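Q: Okay, here's the structure, questions in a sec.
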Amino acid sequence: MIKSNKLNELHRQYSKLSLDELIRTFTKETANVLNSLPETEYNTSSRKEFLDLSSAFSKDYKESGRLNRTVFVGQKKVKLLFKKSHKIITLIELILGNNNDRPGLASLFEKWSYVYSRLHNRFASRDWIESIIVAFFLAMVIRSFVVQAFKIPTGSMRMTLIEGDLILVNKFIYGPKVPFTKLRLPAVREPKRGDVIVFIYPEDRKKDFIKRLVGLPGETVEIKGGSIYINDRPVTEPIFNQIYYFNKGELALAGQKIIVPKDSYFVLGDNSASSKDSRFWGFVTKDDLLGQAMIIYWPIPRIRIIK
């Protein structure tokens, strides 16, 4: 290939021409120079090879240009363009060597090297755009259907989760919602008591909340003596036994029993003394579930599985 200063000189001369115009101009110029060469068997076959190669190259470039308007260009087509462009340069270099380094041929070698450079610059930028779009699409799919990161803003789930914890939420387990629709994909399993869940806050649907699931659909929930009773029986799981639950809010008064509606859940914060949860604003519907909190991934000393 040629030196960068020569490429810069050619760029100043031909930068106003589109690649399509450049290819047509150099193809015509090359054909004229090859026609002026001595009539030898080598030159005749080389001239035919160039015309066939340049015609195919021009056709492929025009086709890639049409595809390029839709952003994505087939990688095989792009690689083929580079391959044919390089073949033209190599062919002219061979013709140059077999015709005593004629000046006109040397100039053509430089010009087709410039075409190759312009071709590379054009499609290299497209590769970046395609990579960014693919990465963005994959990120949106993962965020919508598989896992999403959240930051804990308050201390309502202390000491399970504290302010500033960065967590990952499994959105696949309960059946992820399809964006912009009311549809859900099939769930891996149903929510169960003790799950730390993320959901849309019923009183402000622009906010996401995180609490621990306590009552399932159809169950009777009561807070008595700091403990949780489900269907008049105390909950004995260790995660609930180590927390003192307060009778606060309109739905958790002393002696009050609440029946959880169909397709809804009763949720409480682990920091019962300062948590605004189902005791105050009611139930979380199944449609508002976003996922199960899985792991704290930051800060490093806090890394752990959420239980």
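The values are calculated or read from the model by the stated rules, or taken from the named source; none is laboratory data. Just so it is clear, the structure is predicted and the values come from calculations on it, not from any experiment. A quick note on method: Cβ atoms are made from the backbone with ideal geometry, for glycine too, and the neighbour counts reach across all protein chains shown.
Q: What tally of residues in the stretch 29-46 results from selecting those that are assigned to a helix (DSSP H, G or I) and either of a type in the set (Val, Ile, Thr) or surrounded by fewer than 18 Cβ atoms within 10 Å (Cβ to Cβ) (or both)?
A: Matching residues across the stretch 29-46 total 11.
Q: Filter the stretch 159-184 down to residues that are of a type outside the set (Asp, Glu), closer than 22 Å to Ser272 by Cα and surrounded by fewer than 18 Cβ atoms within 10 Å (Cβ to Cβ), then give me how many there are.
A: So the count comes out to 4.
Q: Could you list, in sequence order, all residues of the stretch 201-229 that are crowded, with 18+ Cβ neighbours inside 10 Å and either more than 17 Å from Leu253 (Cβ to Cβ) or not aliphatic (A, V, I, L, M) (or both)?
A: Within the stretch 201-229, Phe209, Ile210, Lys211, Arg212, Leu213, Gly215, Glu222 meet the criteria.
Q: Got at least one residue in the stretch 256-268 being more than 43 Å from the chain's Cα centre (by Cα), at pLDDT 95 or above and surrounded by fewer than 18 Cβ atoms within 10 Å (Cβ to Cβ)? Give the steps one after another, and end with the answer.
A: First, pick out the residues of the stretch 256-268 that are more than 43 Å from the chain's Cα centre (by Cα): 256-258.
Now narrow it down to the ones that are at pLDDT 95 or above: 256-258.
Those left that are additionally surrounded by fewer than 18 Cβ atoms within 10 Å (Cβ to Cβ): 256-257.
Yes, the stretch 256-268 contains at least one residue that is more than 43 Å from the chain's Cα centre (by Cα), at pLDDT 95 or above and surrounded by fewer than 18 Cβ atoms within 10 Å (Cβ to Cβ).
Q: Would you check which residues across the stretch 178-206 are at positive phi and touching a Leu at 6+ places or on another chain (Cβ under 8 Å) and list them?
A: Gly194
Q: Turning to a different aspect of this structure: Looking at the stretch 84-125, which of the residues that are among the basic types (Lys, Arg) and farther than 23 Å from Asn8 by Cβ is modelled with the lowest pLDDT?
A: Looking at residues that are among the basic types (Lys, Arg) and farther than 23 Å from Asn8 by Cβ, I get Arg102.
Q: Can you list residue pairs whose Cβ atoms sit under 7 Å apart, with the first residue in the stretch 37-58 being in contact (Cβ under 8 Å) with a residue 40 or more places away in the chain and the second being in a loop (DSSP other than H, G, I, E, B)? Count only pairs 6 or more apart in sequence or on different chains.
A: If the second residue must be in a loop (DSSP other than H, G, I, E, B), the pairs left are Leu37/Asn99; Tyr42/Asn98; Asn43/Leu37.
Q: Right, here's the next one. Consider Leu81 carefully, then state whether it is surrounded by 15 or more Cβ atoms within 10 Å (Cβ to Cβ), at pLDDT below 85, assigned to a helix (DSSP H, G or I) and over 44 Å from the mean Cα position of the chain (by Cα).
A: On the way: surrounded by 15 or more Cβ atoms within 10 Å (Cβ to Cβ): yes; at pLDDT below 85: yes; assigned to a helix (DSSP H, G or I): yes; over 44 Å from the mean Cα position of the chain (by Cα): no.
No; evaluated as a whole, the condition is false for this residue.
Q: Next question, about the same structure. Could you tell me which residue of the stretch 139-179 is nearest to Lys211 (Cα to Cα), considering only residues that are aromatic (Phe, Trp, Tyr) and part of a loop (DSSP other than H, G, I, E, B)?
A: The selected residue is Tyr174.
Q: Also, quick follow-up: Just a yes or no: is a residue in the stretch 257-280 farther than 28 Å from Arg184 by Cβ and touching a Leu at 6+ places or on another chain (Cβ under 6 Å)?
A: Going through the stretch 257-280, the residues farther than 28 Å from Arg184 by Cβ turn out to be 257, 271-274.
Next cut, touching a Leu at 6+ places or on another chain (Cβ under 6 Å) only: none.
The answer is no, given that none of the residues of the stretch 257-280 is farther than 28 Å from Arg184 by Cβ and touching a Leu at 6+ places or on another chain (Cβ under 6 Å).
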